[in-house]
1. Starting from residues that are out of contact with any strand residue (DSSP E or B) (no Cβ under 8 Å at 6 or more places or on another chain) and closer than 30 Å to ASP396 by Cα, keep the ones in region 285-302 and report whichever is surrounded by the fewest Cβ atoms within 10 Å (Cβ to Cβ).
2. Just one of the numbered conditions (1) crowded, with 22+ Cβ neighbours inside 10 Å; (2) under 30 Å from SER461 (Cβ atoms); (3) in contact (Cβ under 8 Å) with a residue 40 or more places away in the chain is not true of ALA594; which one?
3. Considering only residues that are in contact (Cβ under 8 Å) with a residue 60 or more places away in the chain, over 24 Å from TYR532 (Cα atoms) and within 19 Å of the chain's Cα centre (by Cα), which ones fall in region 547-591?
4. For GLU335, are the conditions met, namely being at negative phi, touching a strand residue (DSSP E or B) at 6+ places or on another chain (Cβ under 9 Å) and among the charged types (D, E, K, R)?
5. Collect the residues in region 366-425 that are free of Cβ contacts under 8 Å to residues at least 12 places away in the same chain and either under 15 Å from the mean Cα position of the chain (by Cα) or not in a loop (DSSP other than H, G, I, E, B) (or both), keeping them in residue-number order.
6. Which residues, counting only those in region 675-715, are loosely packed, with under 14 Cβ neighbours inside 10 Å and in a loop (DSSP other than H, G, I, E, B)?
7. Checking the conditions here, which among ALA579, ALA572, ALA563, ALA547 is crowded, with 24+ Cβ neighbours inside 10 Å and under 21 Å from PRO324 (Cα atoms)?
8. With respect to VAL611, is the statement that it is of a type outside the set (Phe, Trp, Tyr), within 19 Å of LEU490 (Cα to Cα) and either buried (at least 24 other Cβ atoms within 10 Å of the Cβ) or modelled with pLDDT under 95 (or both) true?
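The values are calculated or read from the model by the stated rules, or taken from the named source; none is laboratory data. Because the structure is predicted, anything quoted here is derived from the model rather than measured. Cβ placement follows ideal geometry from the backbone for every residue including glycine, while neighbour counts extend to all protein chains displayed.
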Amino acid sequence: MNLMPKKKTMTFQRALALVLAFVTLCVAGGVVTSMLFMPAVVAANNVVKAVTPSMEVENIDFDVTTLPQKSTMYANDGKTVIAEFYAQNREVVPLKQISTPMQQAVVAREDRRFFEHSGVDVQGVMRAFVQTYISQGDQQGGSSLTQQYVKNVLATKARENNDPIGEYHATEDTIARKMREMLISMQMEKKYTKQEILQGYLNIAQFGSNSLYGVQAAAERYFNTTADKLNVVQAATIAMVTKNPSKYDPSIPENQPEAEKQRNLVLQQMKAQGFITQQQYDEAVAQPLVDTLDVQDVSRGCMAAAYDAGFFCDYVVHKIENSPEFGKTAQEREELLQEGGLKIVTTLDVDANSLMMQTAQETIPANDPSGMEIVMASVKPGTGEVLGFGLNRTYDATDAAATDPTRASMNYAVDQIDGGGRGFPIGSSWKPINLIAWMQQGRSLNESLINPTDYQTSLFSCNGYQGGTDVWHVTNALTNGTVSPESPFLGLVHSHNTTMASMGAKIGLCAVADAAKAVGYHNAIIGQEDVYSDVSMHPALLIGGSASVSPLTMASVYATYAANGVQCSPIALKEVEKADGDKLQVPSANCHQAVDKDIIQTLAYTMNQGVVRPDGAGQFGKLANNRKSFLKTGTNEDTYLTTGGFTPHEIATFVLVGDVQDPLNHRVANIAINGQYRSYWDGGTIAAPAYASFTNKYLDKKGIQVDDSYGQPVDKYMRTVAASRTGNSSTNSSTLNNTGTNNQPQQQSQQSQP
């Protein structure tokens, strides 16, 4: 920011106007008088007339705590910094937290009579007037430190208010602007102490290019320290920058020779004014500027997120921008994030996020010739806290990501409104919901069912789904047939689709949809979130084929299984505190008992049996150390491979593998992934091992002990019941095709596999 006015040709009218202003201020002795507004004075020339309308300053708060400040995002410990956000990189600190050398350096540089004048340095003004306009020498500003503070506040407030005209008048090179600053400065000195004004200036002034404001940000940027620890050399370096931030910024190599000269000039001024001794001066100027620097990166936002947390950071930003707790409009919420000086404590578990990102890359490297993607999400059961994400991509919100398949900014782990896609069909990972619905109807998991392969959709009708005369043809993976009779218990253990279809025909599709809503399911598509929307209500939902769900939502569903039926909405924010210490309300997880504990315990037992039995569909997701394992794999034909799993009360995770952009033209079959070729891939061969690998590493990292008490079946849900037939076993040969894509999965699935 250049405080010097542009050089203008001297005219009698300009000289008269300046002399009137300067002499009036001298006579006033720092007190605003009505002399400036006497008709004779105002009529003297049109330049002075221009002062009158700009003299009124309304709704301007000169309190330093109202300045725009950077917001900082933290992990769940409230200490580990993830990212910073700012329109102006500033962290306001009180004067007592700014070193004495720093205070002295800026006074020596900007206003040596700061503690003597009453807001306007008359001697400095007259000297500047004579030097600039009478002697025609170099331009001289003559502005006191108080005037500079006023100018900065007016310009900053205008920018905040999106008022370009106000910003222009705050910085225009006119007599009117100078006089306005003088008058406000004298009023300022009547209201605020010198220390308060100095504090304000040190926090608002620009001390570098790239939106660097205030001494705290400058101390961190140039010296990797804090304002209270700045020594004489460091203080002089920072103090010299504000005269011309782009030209004197010492972090820019080409600036450094001139920056060192300017630093030494400040040191000379400090010595002349008695702030430092001759010896201190000699020692300071002898130090090459480059040897004193410890320049830190000033990258901001999610692109610069630490701990590989770019995707999580992006999710949090969307949550803030979408939540009314942070402002009535999207613009207000964005301004709060960029200027509000927020302390944002998130739910991020650095260990979970880092290990998931690592597991994703190990499972399918970003540059793998297969081009397949893996998306992971984890939630802490009983809290709703999102612990992190894992994608085999590097977060990159620049245009470069469009041509680099290893980089992306869209987080496919979350809903569309939160920056993700339109969700995915998830195959058999859905099936535990069917068992919940079945038990909620008072039925036993050991009821023996007759399971045909063809069903009129009208069999599934209910108050919310009517079905029709068409026939849904459903078979089991690999065998392309059915197992009949079979119980719901074995239907889940072996992941048989026909058994799920038979269950749905008996209890109706709405019972299943209601159970899904209870455990936290919703679609990812904006405007079609409700499971009852057209996008998902089809019998194919029973095998996950018409689901359109994000991995995070499914991780949340599995967290309900892990918390004895307590369902919590996913949350990313634990606490948000404003710069003044006030805490803002954050979105609630709304935790509540959604499903009976006995049902959940029986479900968990059944899921575990699908892992421990040699013919179980989830055997490749078994955890280490003989830890009891609870998971369900899924395969949506050859488009998406999934696994959801949990450890009781600790962590629930969902994994999805496939081409998230073009699954129909890029199928997960007859390809090599990470060097291993398979003609047939399913959730058990890639998603389940990825789940187990991550969960094992996470449990080891956290030192979580084995607890095998979870998953105790309840007798009333395990009693043996004789075989029963479906109401219709039509053999109509028509089938409903799965034409789902990640962007908008179509409703029907021919097969859903383990």
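1. ASP297
2. ALA594 satisfies every listed condition except (1).
3. ALA572, LEU573, LYS574, GLU575, VAL576, GLU577, LYS578, ALA579, LEU584, GLN585, VAL586, PRO587, listed by residue number.
4. No; evaluated as a whole, the condition is false for this residue.
5. Result: ASP399, ALA400, ALA401, ALA402, THR403, MET410.
6. GLY675, SER679, TYR680, GLY703, GLN705, VAL706, ASP707, ASP708, SER709, GLN712
7. Answer to the selection: ALA572.
8. Working: of a type outside the set (Phe, Trp, Tyr): yes; within 19 Å of LEU490 (Cα to Cα): yes; either buried (at least 24 other Cβ atoms within 10 Å of the Cβ) or modelled with pLDDT under 95 (or both): yes.
Answer is yes for this residue.
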